[in-house]
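Working notes, structure below.
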Amino acid sequence: MKGLLKRWSFWCLLGLAALALFGTRLFGALPEAEVAAPFSKPLWLDRSLPPTMDLELSGGHPAVELDWTFSAPSRFSLRVETALPAPSRFVEWTLPGGKTYRLTPLNRGVELDGRDMAFKRSLGLPPFGDASSALFPERGTYRIGLTGEGEWDGSVKIRLEGGRWGLLGTDQRGRDIAALFVAGIRVSLLVGIFATLLATFLGTSLGLAAGYRGGWTDAVIMRAVDLLLSIPLLPILMALAALWGKGLWQLILILSVFSWMGTARTVRALTLTLRDAQYIEDLRGLGAPAGYILRRHLLPETLPVLLATMTLGVPGAILSEAGLSFLGLSDPRVISWGRMLHEAQSFGAFTAGAWWMLLPPGLGIALLCLVFLDLGKYLEERVDPRLRGGNVL
């Protein structure tokens, strides 16, 4: 255990598992929610672009001053939320030079968008004019406030969509890449661990049966192993994913069905070396049933090797899921790293230069696979002391 605590992969896996369980709470919206303009860059990448921001005015906070040092935002929208209308009160927009626009009265259900023709006309713009450029013509201090007399209980929400958002920007639908990345950890861990557990259970059961029973049981199981190993994996996975459905658990079942053969061979080889041992012969002579011998004596002997094999099998399941998702053979409602790469490729992230859509899921897949490979290497060293580099007497 002390050796495991010294492995970087152990602590990295704990961190990724914590993010998978609680990471989505770090964000103010769900991963699938649209939070900013499509293809927004990360906040730290290009500081000349305006960030996406939300402003709110109310009776207790009737005005806000905005120090604007960027170009005009790509989109402007305004929404009035109130139970009682106040037609004598307005939203007033004051430019740094002193020019003032009276945008809208504080009536119920008012929604303005910079693309609306009526809103452009109210600003004195032609039909193809840019409302955002008219509201942000220069750098300086802007004042947005509520004017007029009379009590009013409500709020005015203003959204300015710029070209930057969050730690990793947004995708083609305006979703937060960082939130999608964290959500993808959960899917990769679920698929990798559960598909490997099912494959290990199936391979162990068949390997024990083949090694202990021998005869026609061994011949049938091993010929099935040879047949499945000779079939190209990716086309079969694609065909089964198209036939059985694209759900997450269907994908886990498909991956497990075609991943048990190596475990079966390993367990069979270990069982063949142990079934003729003297204590196994003594148990058979005492009339011990085969199930008891397999469960209480042969299975525990294979567990150390199974643990290492299972850990090394997780990266294969993760890569298979990512490959199928990248090809579009996964549930589009399930957020995964492979699906993120598929959407980045489908919606032109390569040509748009949106590398922040490509690197996070790609690096996440590589990191998670390296974590399990390092843990598998450690467990192999514990199982076989010859791999530690020392002399074993």
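The values are calculated or read from the model by the stated rules, or taken from the named source; none is laboratory data. Remember, it's a predicted structure, so these values are computed and weren't measured experimentally. Quick reminder, even Gly has a Cβ in these numbers, built from the backbone with ideal geometry, and neighbours come from all protein chains shown. Surface accessibility is based on the protein's heavy atoms, side chains included, excluding ligands, DNA and RNA. Shrake-Rupley method; radii C 1.70, N 1.55, O 1.52, S 1.80 Å.
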Filtering strands (runs of 3 or more DSSP E) wholly in segment 71-182 for at least 3 residues that are open to solvent by 50 Å² or more (accessible area, probe 1.4 Å) gives 75-82
Members of segment 1-16 found to be part of a helix (DSSP H, G or I), open to solvent by 40 Å² or more (accessible area, probe 1.4 Å), of a type in the set (A, V, I, L, M) and modelled with pLDDT under 90, listed by number: Leu5
Members of segment 198-234 that are over 12 Å from Ala264 (Cα atoms) and either in contact with a His (Cβ under 6 Å, 6 or more places away or on another chain) or of a type in the set (Val, Ile, Thr) (or both): Thr217, Val220, Ile231
Across (1) of a type outside the set (Lys, Arg); (2) surrounded by 15 or more Cβ atoms within 10 Å (Cβ to Cβ); (3) over 30 Å from Leu375 (Cα atoms), Leu19 clears everything bar (3)
For segment 329-341, check the following and say yes or no: at least one residue is modelled with pLDDT of 80 or more, in a helix (DSSP H, G or I) and more than 30 Å from Asp176 (Cα to Cα). no
Go through (1) open to solvent by less than 30 Å² (accessible area, probe 1.4 Å); (2) closer than 26 Å to Gly364 by Cα and name the single condition Leu234 misses. (1)
Within segment 245-265, which residues are closer than 18 Å to Gly215 by Cα and open to solvent by less than 50 Å² (accessible area, probe 1.4 Å)? Ala264
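Conditions (1) touching a Lys or Arg at 6+ places or on another chain (Cβ under 7 Å); (2) closer than 26 Å to Val371 by Cβ; (3) open to solvent by 70 Å² or more (accessible area, probe 1.4 Å); (4) modelled with pLDDT of 80 or more, marked per residue:
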position: Ile221; (1), (2), (3), (4): no, no, no, yes
position: Asp226; (1), (2), (3), (4): no, no, no, yes
position: Ala269; (1), (2), (3), (4): no, no, no, yes
position: Tyr292; (1), (2), (3), (4): no, no, yes, no
position: Gly316; (1), (2), (3), (4): no, yes, no, yes
Whether any residue in segment 294-316 is closer than 21 Å to Gly214 by Cβ and assigned to a loop (DSSP other than H, G, I, E, B) is what I want to check. no
Does any residue of segment 277-287 turn out to be surrounded by 14 or more Cβ atoms within 10 Å (Cβ to Cβ), over 33 Å from the mean Cα position of the chain (by Cα) and over 30 Å from Val334 (Cα atoms)? yes
